[in-house]
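The values are calculated or read from the model by the stated rules, or taken from the named source; none is laboratory data. It should be emphasised that the depicted structure is a prediction, and the values quoted were computed from it without experimental measurement. Virtual Cβ from ideal backbone geometry, glycine too; neighbours counted across all protein chains shown.
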Amino acid sequence: MRCNLTLFRTLKSKRGISPILATLLLIVIAVAAIIVTYAWVMTYVGTQTHAAGTMLSNDPLAWYGNRTVIPVRNTGTSDVTVVKLYIGVSQSNYTDVTADTNIGAGIAISVKSVNDIVLSWPNSLSLSWQSEQVYYFSITPNSGAAYQFEQTAP
């Protein structure tokens, strides 16, 4: 019994941190969590905004006997230069055909405008385009992600 009484007195005499200190500690932890979250979100938003600056799309392709015209549209918020064109007959097998195009050192496309990439046949992929064949295209700009699409030859 005496042991229990001593233990009770010992526990009763111990003091915890004051409510004011506990509140301040919780505020400091919350502010630190907010700062870390803010830093992460700003890094993510900055990356996404930069990528959105170079959004490419394409208008319908024109297939001629020995060339294919690819109208590329810049729907982003900053000018872009197209530097590479890849083409393939499957999504997993692209061939670099930049040397067989008018890209040269790059084709500049201003914001909200269209510029044509002209692909000549024969090229590194094939001697000529095949009717009803699905071709997979990948257009690589100087910044941002590559734009990929597929098109069936007429």
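Quick check on segment 76-116: of everything there that is in contact with a Lys or Arg (Cβ under 8 Å, 6 or more places away or on another chain) and within 30 Å of Ser131 (Cβ to Cβ), which residue is surrounded by the fewest Cβ atoms within 10 Å (Cβ to Cβ)?
Val114
What number of residues within segment 136-153 are surrounded by 15 or more Cβ atoms within 10 Å (Cβ to Cβ), outside any loop (DSSP other than H, G, I, E, B) and either touching a residue at least 60 places away in the same chain (Cβ under 8 Å) or of a type in the set (A, V, I, L, M, F, W, C) (or both)?
Counting residues in segment 136-153 that are surrounded by 15 or more Cβ atoms within 10 Å (Cβ to Cβ), outside any loop (DSSP other than H, G, I, E, B) and either touching a residue at least 60 places away in the same chain (Cβ under 8 Å) or of a type in the set (A, V, I, L, M, F, W, C) (or both) gives 5.
May I ask you to list the residues in segment 124-135 that are modelled with pLDDT of 85 or more and either assigned to a loop (DSSP other than H, G, I, E, B) or surrounded by fewer than 17 Cβ atoms within 10 Å (Cβ to Cβ) (or both)?
Listed by number, the residues that qualify are Gln130, Ser131, Glu132, Gln133, Val134.
Six or more apart or on different chains, Cβ under 6 Å: which pairs go from a residue in segment 116-135 that's under 23 Å from Leu56 (Cα atoms) to one that's exposed (fewer than 13 other Cβ atoms within 10 Å of the Cβ) and among the polar types (S, T, N, Q)? Could you list them?
Val134/Thr152
Select, from Gly76, Gly65, the only residue that is at pLDDT below 90 and either among the basic types (Lys, Arg) or touching a helix residue (DSSP H, G or I) at 6+ places or on another chain (Cβ under 7 Å) (or both).
Gly76
Considering each of Val111, Val83 in turn, give the residue that is of a type outside the set (Gly, Ala, Ser), assigned by TED's automatic domain parsing to the domain that holds Ala145 and assigned to a strand (DSSP E or B).
Result: Val83 is the single residue among Val111, Val83 that is of a type outside the set (Gly, Ala, Ser), assigned by TED's automatic domain parsing to the domain that holds Ala145 and assigned to a strand (DSSP E or B).
Looking for whichever is at positive phi and part of a loop (DSSP other than H, G, I, E, B) here; the options are Gly76, Gly104. Which one fits?
Unique residue meeting the criteria: Gly104.
Just to verify a result, which residue in segment 17-62, among those that are more than 30 Å from Phe137 (Cβ to Cβ) and part of a loop (DSSP other than H, G, I, E, B), is modelled with the lowest pLDDT?
Ranking the qualifying residues of segment 17-62, first place goes to Ile17.
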